[in-house]
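Only one structure is covered here, and it is reproduced in the block below.
The values are calculated or read from the model by the stated rules, or taken from the named source; none is laboratory data. Predicted model, so just to flag it, every value in this text is computed and none were measured. Backbone-built Cβ (ideal geometry, glycine too); neighbour counts: all protein chains shown.
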Amino acid sequence: MSVSSLAAASGEREAPFYRSVGNECGLFEQAFRQRLPLLLKGPTGCGKTRFVHHMAARLGKPLYTVACHDDLTAADLTGRYLLQGGETRWVDGPLTRAVREGGICYLDEVVEARKDVSVVLHPLTDDRRLLPLERTGELLEAPDDFMLVVSYNPGYQHILKSLKPSTRQRFVAMAFDFPPPGVERDIIARESGLAAERCAALVNLAASLRAMKGQDLEEGVSTRLLVYCATLIQGGMPILEAARATLVEPLSDDVDVQDGLLEAIRATF
Ligand code: ADP
């Protein structure tokens, strides 16, 4: 059954808007059907999270999203004993819930998490698809409709924080990038309500700002920030003011770099 017919059959919630760039929806669906884990790589704000939300809704599966950070441990994913009303009770973490009940578990920025997380992910990402819960003595086998999706941003990862080959080679991987100009224009127009030709001007501007990446900037301006900018303009804010708040201040604190960005913005508008 295709994804769309599945969604129709299960009468699930409407999928959030996602404009595909290639065959990413087909690849996601295949991975889901074949019970393969998926790794999404790409810069921040280029549509990875939206894509996962979209696919989970299309497949009619619950989504458990975890934004990983450097204090996140395996127990945050699997669960822990908590004191509740004078009793100690085991409470499943999001990963365990997804394994028990079926669904998609999305670990955003997985490289940020503590090292013990990979110990939990390894048996889940080979053909055993097992989640051992040492604390409860359980060994859970993932159902067919469990899927693990992780993302990371290769751009700004510290070398010590990139994914180890032994981990990354357990995933089907997909590279994301900022969408091609026409697609990005449509996304921004759809998300912000701003007229398409005005969004096209923002996309042109983004190309010159992204060209500054590496020299002065760690990351190029994201689709997300362009949507913010268009949203403020659509709300009535003057263009330069909106651009400063969304395309300059979030990108850099360095006054010289900011001046460079402002110059490119003034040259466009
Ligand atoms: P990431 O997870 O890669 O950091 P998000 O998925 O949160 O980025 O994307 C940020 C925003 O950009 C979304 O909220 C959405 O408004 C917009 N966006 C980016 N790519 C797309 C796309 N292909 N279709 C629809 N919206 C998109």
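Out of all the residues in region 39-74, which are among the small types (Gly, Ala, Ser) and over 19 Å from Cys25 (Cα atoms)? Explain how you work it out, then say what you get.
Narrowing region 39-74 to residues among the small types (Gly, Ala, Ser): 42, 45, 47, 56-57, 60, 67, 74.
Hits for region 39-74 are Ala67, Ala74.
Beta carbons closer than 8 Å, at least 6 apart along the sequence or on distinct chains, pair a first residue in region 28-51 that is more than 15 Å from Asn153 (Cα to Cα) with a second that is among the small types (Gly, Ala, Ser) for Glu29/Ser2; Arg35/Ala142; Pro37/Ala31.
Scanning region 52-77 for residues that are more than 20 Å from Leu39 (Cα to Cα) and among the polar types (S, T, N, Q) yields nothing.
Residues that are crowded, with 18+ Cβ neighbours inside 10 Å and under 12 Å from the mean Cα position of the chain (by Cα) number at least 3 in the following strands (runs of 3 or more DSSP E) confined to region 19-92: 38-41. Tell me yes or no: at least one residue of region 129-138 is over 18 Å from Phe171 (Cα atoms) and crowded, with 17+ Cβ neighbours inside 10 Å. Scanning region 129-138, I find at least one residue that is over 18 Å from Phe171 (Cα atoms) and crowded, with 17+ Cβ neighbours inside 10 Å, so the answer is yes.
Exactly one residue out of Glu14, Glu24 is modelled with pLDDT of 95 or more and either within 14 Å of the ligand (Cβ to nearest atom) or of a type in the set (Asp, Glu) (or both), and it is Glu24. Would you check if there is a residue in region 162-177 being surrounded by fewer than 17 Cβ atoms within 10 Å (Cβ to Cβ) and within 15 Å of Leu226 (Cβ to Cβ)? There is at least one residue in region 162-177 that is surrounded by fewer than 17 Cβ atoms within 10 Å (Cβ to Cβ) and within 15 Å of Leu226 (Cβ to Cβ). Candidates are the residues of region 230-241 that are in a helix (DSSP H, G or I) and away from the ligand (no atom under 12 Å from the Cβ); the one that is surrounded by the most Cβ atoms within 10 Å (Cβ to Cβ) is Ile233.
Within region 43-59, if we keep just the residues that are touching a strand residue (DSSP E or B) at 6+ places or on another chain (Cβ under 8 Å) and within 6 Å of the ligand (Cβ to nearest atom), the residue that is farthest from Ala98 (Cα to Cα) turns out to be Lys48. Just one of (1) farther than 20 Å from Gly45 by Cβ; (2) assigned to a helix (DSSP H, G or I) fails for Thr246. It is (1). Listed here are the strands (runs of 3 or more DSSP E) enclosed by region 107-218 that have at least 1 residues being farther than 22 Å from Ala264 by Cα and within 16 Å of the ligand (Cβ to nearest atom): 146-152, 172-175. If you check Arg114, Arg80 for being in contact with a helix residue (DSSP H, G or I) (Cβ under 8 Å, 6 or more places away or on another chain), basic (Lys, Arg) and touching a residue at least 40 places away in the same chain (Cβ under 8 Å), only one passes: Arg114.
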